[in-house]
Each structure stands twice: as C-alpha cells, then as structure tokens.
1. Report which label in (1) 58, 46, 28; (2) 61, 39, 31; (3) 47, 43, 32 holds the value of Cα extents along the principal axes in Å derived from the coordinates of this structure.
2. Could you tell me which of the pairs LYS154/LYS230; LYS45/LYS233; LYS71/LYS180 are separated by over 26 angstrom between their Cα atoms in the structure shown?
3. For every helix of n ≥ 4 consecutive DSSP H residues, a contribution of -39,500 (n - 2.57) applies; sum these over the chain, divide by its total residues, and give [θ] at 222 nm rounded to the nearest 500 deg cm²/dmol.
4. If you count only protein heavy atoms with a 1.4 Å probe, what accessible area per residue comes out for the chain, rounded to a whole Å²?
5. Quick check on packing: order 189-200, 94-105 by the mean number of other C-beta atoms within 10 Å, highest mean leading.
6. Keeping the other protein chains in place, figure out the carbon and sulfur percent of the accessible area of the chain, with a 1.4 Å probe.
7. At what distance in angstrom do the alpha carbon centres of the stretch 228-250 and the stretch 1-73 lie from each other?
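The values are calculated or read from the model by the stated rules, or taken from the named source; none is laboratory data. Note that this is a predicted model, so its numbers are computed, not measured. No Cβ is skipped: glycine too gets one built from the backbone with ideal geometry, and neighbour counts run over all protein chains shown. The area values use the complete protein model at the heavy-atom level, side chains included, leaving out ligands, DNA and RNA. Shrake-Rupley method; radii C 1.70, N 1.55, O 1.52, S 1.80 Å.
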Amino acid sequence: MVSSFYFNRGEFAPSQQDALALEIVSSGRREAALLIVCDGIGGLKEGEYASSYVTMRARDWFYGSYLRHVKRYHSRRRIERDCTGMLYDCNRYLMLYGKERGIRLGTTVTMVLLSGRRRLWLCPFFCSARYLLFHAGDSRGYLFGGGGERRCRKLTEDDSLGNHVLRRCIGSFSWQGVQKSRGYLRRGESLLLCSDGFWRNLEREEMAESFGRRGRLLRCGRISEEQLEKRLKKLGEAGRSRGEKDNQAAVFVCV
C-alpha cells in the first residue's frame, strides 16, 4: 500500500474541526490499515473535541481490537458488529458530555478498515485487499479505478437535508446507526476519504484525473507518497481558489 494525507485549516475558519488518522501495519505477508476522516459540526460548540475524540477512539480500537480480528481471521460480520459498537459508545459518550455541559456537539465520520496480503501482483485480477466502510454525515469516501462510472465511484451517501443540515452524525442525535459497506480493492485501485471542505468545490472527473494518467490506474510502487501528497495538495488548493473557506482533510491509499 502507498498512502498520503492532506490537512488544511484554511484562512477563514475560526478553528480546526477536522481530524484524520492514517495507520498501516505490516505483519509477515499481511497488511492492515485504518483510514478515518471526522469533521466537527460547524455551528455547534466543541466540534474539534468531538472529531478528535472519535478519531482517537477509532485509532485505539484499531490497535486494540481490529488487528486481533485480522490475526485470528474473524468474520467480517463480527468485525462490523464490534466496530459499530465502538461508534455507538462514541455517540453515547458525546451526548452525555454535551448534556453535562449544557451544549450540543457532534462530528461526521467516514472510516475504512483494510486488510490483505502485502504482495499479490502475479495477476492484476486477484483481489489484493478487502475493505469495510463505516459512515455518518457528509464527509465522503471515493473509490478510483477501472473505467466508465467505476473510474470515480462515490461509496457513501450524504446524511444531509441540504444546505449543510445533517440528519445523522456522531454525538448530536440519538443513535441511528451508521452506513456500512464492504468490498475489495484490486490492483491499481485506490480510496479517498475527505471532509466536505475538500470535496465541495471539486468535480469527480477532476479528482479521477488527479489520481491517474490518461485513464490509467495508479500502481502501488510506481507512485511515491510524495507524489500523492502533491496531488492532494493541488486539489485542496483548487477548492480554496474557488471560494472554499472550510477546513480540509483527506486521506488516500492505493494498492
């Protein structure tokens, strides 16, 4: 896996309410990864606390539980149930935290867990990593690879009523569950998770062009982390040049 991230407060945002984590662990011929982007709800108090809390809890769960699941070859259903329970606990804690202080706070969450073999390059049609995605809010997850509509496919649905009014997130509402999906990343495919400040002023085709060359897939090993970082930064700057004033956060991985 080759990965990178982008993080920018912006020139006009009063505070940094986005948080992210990118963790990759190798053990023998296996790899596991955590990608997460959280965006504290603007207009509510302590959004930066909510986003950083959920990010840290997810990171602790990744090292404390997910790696054990992978090592013991537990089922995807068992992992999904355990991870959903962790997010439920986050929602409960933030609601109690807000109630004690007489405030409301919350955060979006878009999170992906990856697991697979480190080297599986003999055939490009072999699946090289499986993913589990968990989502609530209006941050987004995209899959890049292939052609046509699959060249840039949105994996998440915005939990929004329009005009940035959320109907589901972590911490601001009673527990409503999270969106969940699963799938495989094949050789040359990649994932992007990003906050609304990153994607809002960008077109899908524009993002697809940034992570490929003339329609070709990215190859893990043919692109460096530095190159990925430059491409993410270029997209972030493009959004800000079009009037984006919100915080920006993005994590990217290709296999």
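1. Checking each listed value against the structure points to (1).
2. Details: LYS154/LYS230 22 Å; LYS45/LYS233 29 Å; LYS71/LYS180 22 Å.
LYS45/LYS233, as the Cα separations exceed 26 Å there.
3. Values: 6 runs with 74 residues, N = 255.
Taken over the chain, the calculation gives -9000 deg cm²/dmol.
4. Details: 12580 Å² over 255 residues.
Averaged over the residues of the chain, the accessible area is 49 Å².
5. Put in order of decreasing packing, that is 189-200, 94-105.
6. Working: 5880 of 12580 Å².
Using a 1.4 Å probe with all protein chains present, the chain comes out at 47 percent carbon and sulfur.
7. The stretch 228-250 and the stretch 1-73 have Cα centres separated by 19 Å.
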